[in-house]
1. Taking every pair of alpha-carbon atoms in region 1-100, give the share separated by more than 22 Å as a whole percent.
2. Dividing the alpha-carbon Rg of the chain by 2.2 N^0.38 Å yields what?
3. According to a simple spin-label model (label point 7 Å from Cα along Cα-to-Cβ), what is the distance in nm between residue 68 and residue 132?
4. Quick one: what do you get for region 45-143 if you divide its Cα Rg by 2.2 N^0.38 Å?
5. If each residue's Cβ is checked for other Cβ atoms within 10 Å, how do 84, 207 rank with the fewest at the top?
6. How far is the Cα center of region 54-100 from the Cα center of region 101-131, in Å?
7. Quick one: helix 171-183 against the long Cα principal axis of the chain, what's the angle to the nearest 10°, folded into 0 to 90?
8. Please arrange 138, 159 by counting, for each residue, the other beta carbons lying within 10 Å of its beta carbon, fewest first.
């Protein structure tokens, strides 16, 4: 088996005195979609921010293609081949759609390649081409999410970090966005590390998954196997378990910790 494109080993991170990650270790194989699931405040977004250089790890190693990148400058990390689709989209509202997309390509020096990639993302999201000259702040939430994904693609990432792509979207748009995520992985070969609260959709498109709880990885497996586990069904998929749920819930939570 080839070495993983990304590997975290015992990573710890904090916001001042508040520790957000507690010895997180995970691997992302090249060409795969890996999901990190967990409740609000579990530390999911912190994992992505630490990888992309927004937060400096206090301890542990982050290796991308075998090279230590922990604590490096975010712009350097983008040039190295990691794109980040942030939670809440964070488009530039007063720039046009096309200007936003070209901002994603600011590290590149191949205008012909950028032009080809613009057409590629317009193929995934035709509405962006229709609104290329419109200010991004006037787009709907779903269209802004499409723009954020496309902007990251314009950096030609080897690894794309995606933070809550379904946040605030209707079920119909959520299915559309996840369908495109799967296509990008399949057609472009882009490796994706996906943070998502919609466990059902994430497990449907990802190959491997991790469950994060209070800054710690408490479970990992293929997504197919995770979807079969009673704990995951009960706590993340909304499937009621048989028996006395309160007693089983307490016992499982104690075991996970």
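What follows is calculated from the coordinates using simple rules that are stated; it is not laboratory data. Just so it is clear, the model here is predicted, and its values are computed rather than measured. Cβ placement follows ideal geometry from the backbone for every residue including glycine, while neighbour counts extend to all protein chains displayed.
1. That tail contains 33 percent of the Cα-Cα pairs.
2. Working: Rg = 18.6 Å, N = 257, 2.2 N^0.38 = 18.1 Å.
This ratio for the chain stands at 1.02.
3. So the two model labels end up 4.5 nm from each other.
4. Working: Rg = 15.7 Å, N = 99, 2.2 N^0.38 = 12.6 Å.
With N residues counted in region 45-143, Rg over 2.2 N^0.38 Å equals 1.24.
5. 207, 84
6. Centre-to-centre distance over Cα atoms comes out at 19 Å.
7. The answer is roughly 80 degrees.
8. On the way: 138 13, 159 23.
Sorted ascending by nearby Cβ count, the order is 138, 159.
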